[in-house]
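Please treat every number below as a calculation from the coordinates, not as lab data. Predicted, not measured: the structure shown is a model, and the values here were computed from it. With ideal geometry, Cβ positions are generated from the backbone for all residues, glycine too; neighbour counts draw on all protein chains shown.
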């Protein structure tokens, strides 16, 4: 059966960097724990879920200016250098920063599509691909924001299911998140999750939320009024049974709510051009690896041998 596997690549290589010993090095002593860890993660996921289609989604801009313009605190705590009219520099450990270009080059040589969009994050690329996919989708990420994409659709209705393979406890121990899981964890539907996150805030993204509104209050409001628009309409109507204090907090947060709703919602309609995400090796004229000479050079220089071979085997196993 066809299935699309979408990887939040930065989420995975950060996890590899911090989870795989830095004693894993290239022949010249450069750490390659993030490179080899990511390749091994992909091998595990391809072997476990047997996707027919695969993409590594990339942060062309990890902190898009349009999101910062709306919420200046957005990811501000992770900035080490502001770049006027450019992409701010994210706090990334030096031993990881030197590995990111190696990751990109290795994925390209193997033939795995690496997709980004200027001015957007990997989440937005994932949102676009998951929304337009005509097959079931698994999204691999450690980012709860992508729970908003989850849906328990049925192909018979032309509405394909989207799951999140949530890696907060590691790739080996990842959790399969469906709409039922989101409801059990947060008492909201997955399609309400973006509004839920907007209301309660998220310190990891620099989103302050509405003062005094935590998980339980946000879930209760959504249960009563459906979505953020319904909640704001209720807060503006003195005839609704909202407590005066909560009503005041919601109304006082109007400017934040105007901006945050757009910041939290992932894009679903980016123009990514014509792309073929079929698994490398499954397309006539598209061998694995895509560039054997380049992959051989990368493998030798960076000492990637067994990790590369395991992934090649996974990609070419019927």
Rotationally averaged projected area of region 190-264 (alpha carbon convex hull; nm²): 4.5
Tilt relative to the chain, helix 9-19 - C-alpha long axis, 0 to 90 degrees, to 10: 70
Residue separation between residue 269 and residue 180 times 0.36 nm, minus their alpha-carbon distance, gives in nm 29.4 nm
Go ahead and estimate [θ] at 222 nm for the chain from helices alone: -39,500 (n - 2.57) per DSSP H run with n ≥ 4, summed, over the residue count, rounded to 500. -13000 deg cm²/dmol
With N set to the residue count of the chain, report its C-alpha Rg divided by 2.2 N^0.38 Å to two decimal places. 1.07
What is the Å³ per residue value for the convex hull set by the Cα atoms of region 189-318? 193
Please give the helix 33-49 orientation as an angle from the longest Cα principal axis of the chain, in degrees from 0 to 90, rounded to the nearest 10. 80
Take 171, 32 and order them by how many other Cβ atoms sit within 10 Å, fewest up front. 171, 32
Taking Cα atoms only, helix 100-110 is inclined relative to the longest principal axis of the chain by an angle, in degrees rounded to 10, of 60
Quick one: plug the Kirkwood hydrodynamic radius of region 100-172 (C-alpha pairs) into Stokes-Einstein at 25 °C, 0.890 mPa s, and report D in µm²/s. 178
Within a 10 angstrom radius of the beta carbon, how do 173, 249 rank from fewest other beta carbons to most? 173, 249
